[in-house]
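Only one structure is covered here, and it is reproduced in the block below.
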Amino acid sequence: MIWVALTGLGLLFAGVPVAFAIGLAGLVGILVADVPLSIAATRMFTGVDSFVFLAVPFYILAAEIMNQGGITTRLISIAQHATKRIRGGTAYANIGASVLFAGISGSAVADSAALGRVFISEMPKEGYTKPYAAAVTVSSSIIGPIIPPSGLAILIAAVSGQSVINLFLGGVIPGILIGLSCAGIVFIDALRKRVPMPRPARTGENMMQMIIEGVAVATLPVIIVGGMVVGAYTATEGGGIAVAYAVILSLFVFRGLDMPGLWRAIMKAARISATVYLLVAASTILSYALNLLGIASWIGDAAEVFSDSPVMFLFAVAALMLILGTFLDIGAAILIFVPLLMPAVRELGIDPVQASMVVMITLAIGLVTPPVGVVLFVVMRVGRIGMLPLVRALMPFLLAELAAVALLCLVPEFSTWLPELLNP
């Protein structure tokens, strides 16, 4: 198992693409276990041979269509108008836009890149420091992968056998909780008058039209999740409906998308989907190799230590996922480790939805954790800001988000109440 870890980490630090590094590490594990390499091809195919995985390209395409259609600008305007009369309003608008954007993109990187281009340049004009503006953007971007429709929830459902709709519903309150934790830091800074009042709103904007547009955009996740709750369609069929809704909204309602833009969205979604499926196939090889080498029994033995305290097991999982999320692709971490952890989770009597939310959120926090958090580098490039001032401004937000994770570990109802209420 040490050879597998050394191979994977060595290839990652050498700059080898994540999927190839993981796949090659898995091949080393298969060789160490003295199993024919031909089994790798079979495992790669069975890894992606899942009906649930068919939903992934649909949600990616729906997000790309709405991005090409100029939805981001409308969400930012709506959030800014909603907070225009309170101190720190633009910082709240940044967080609110991330919550709204989460129902479209499902990606922390996309959230930080799209919103960062606007807020990191505009907020300093009102009196915010650039590091503070970047910190708000970074910390709130992790809401993207949590609030449904969530691609990470689909991955967890596929590898753990859970219901997609339960994971979608389970992510609503935790996603809002992360948003509130970020808003809490802004609120404290506003009480201390460390953040300014927003500038007067631009004139000439039709508020009623903005509200209608906001409702139209926010309806997308409601349609997806609501239809699944009532049993009208599956997650995959809901993805197809999301694409159709995004096309109608962008082409005919907002009229911000033309046919060349639609083609660009399709091509970009195809490339991203291919990357996801390659990652799934490679992660399946590594997960299989680790099972051959006995990691499942090792995790089972470790879980016995926490048999009298399942909450402490969740805290241990959160700490592990936080470290993994800092160094490893979030999708790869889910595909490799969630199948290994879930038997122990069930044995300890922990609700799988609660454990999944803890895993998902701590991995997402890893994306914004120094020194190698992916989102940090995206925002540093977008905002042209150094890491040290960004991390200094980011620390209060990270601590607040870790406190939110602690609440999720201690209070399972934050994750399980909605699934039990709407999908008993």
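The numbers here are math on the coordinates, done by the rules we state, and not lab data. Just so you know, these numbers come straight off a predicted model, no measurement behind them. Backbone-built Cβ (ideal geometry, glycine too); neighbour counts: all protein chains shown.
Each residue, Thr73 and Ile212, gets one label point 7 Å from its Cα in the Cβ direction; the gap between the two is 1.9 nm. Given +1 at the Cβ of Lys and Arg, -1 at the Cβ of Asp and Glu and no other charges, the dipole of the chain around its Cα centre is 1840 debye to the nearest 20.
Please arrange Leu262, Leu152 by how many other C-beta atoms lie within 10 Å of their C-beta, fewest to most.
Leu262, Leu152
All C-alpha to C-alpha distances of the range 141-293, sorted into 10 Å bins beginning at zero, yield P(r) values of 9, 24, 32, 23, 11, 2, 0 percent in whole numbers. Taking the helices alone, the chain has a mean residue ellipticity at 222 nm of -25000 deg cm²/dmol, built from -39,500 (n - 2.57) per DSSP H run of at least 4 residues and averaged over all its residues. Going from the fewest other Cβ atoms within 10 Å to the most, the residues Ser287, Ser112, Ser163 appear in the order Ser163, Ser287, Ser112. Mean separation of Cα pairs under 8 Å and 6 or more residues apart, divided by the residue count, gives the chain a relative contact order of 26 percent. Check every DSSP H run in the chain and write down those whose alpha carbon atoms cover 24 angstrom or more along the long axis and whose mean Kyte-Doolittle hydropathy is -0.5 or greater. For the chain, where a helix must reach 24 Å along its axis and average at least -0.5, the hits are 108-126, 172-191, 207-229, 259-292, 310-327, 330-347, 387-410.
Considering the chain, its Cα convex hull presents a mean projected area of 20.6 nm². Take the Cα of Arg346, step 7 Å toward its Cβ, do the same at Met267, and the gap between the two points is 4.5 nm. Label zone (Arg194, point 7 Å along Cα-to-C-beta; backbone nitrogen cut-off 20 Å) within the range 341-371: 369-370.
Oblate is the label for the range 262-417. Its Cα gyration tensor axes, ordered a ≥ b ≥ c, give a/c of at least 1.5 and b/c at or above a/b. Local charge sum around Leu61 (other residues, Cβ-Cβ under 12 Å, Lys/Arg +1, Asp/Glu -1)? Within the 12 Å Cβ shell, the charges total +2. Lysine pair count for the chain (Cα-Cα distance under 26 Å; residues 8 or more apart in sequence or on different chains): 5.
Between Ser121 and Glu304, what length in nm is gained on full extension when 0.36 nm per residue of separation is reduced by their alpha carbon distance?
That works out to 60.8 nm of additional length.
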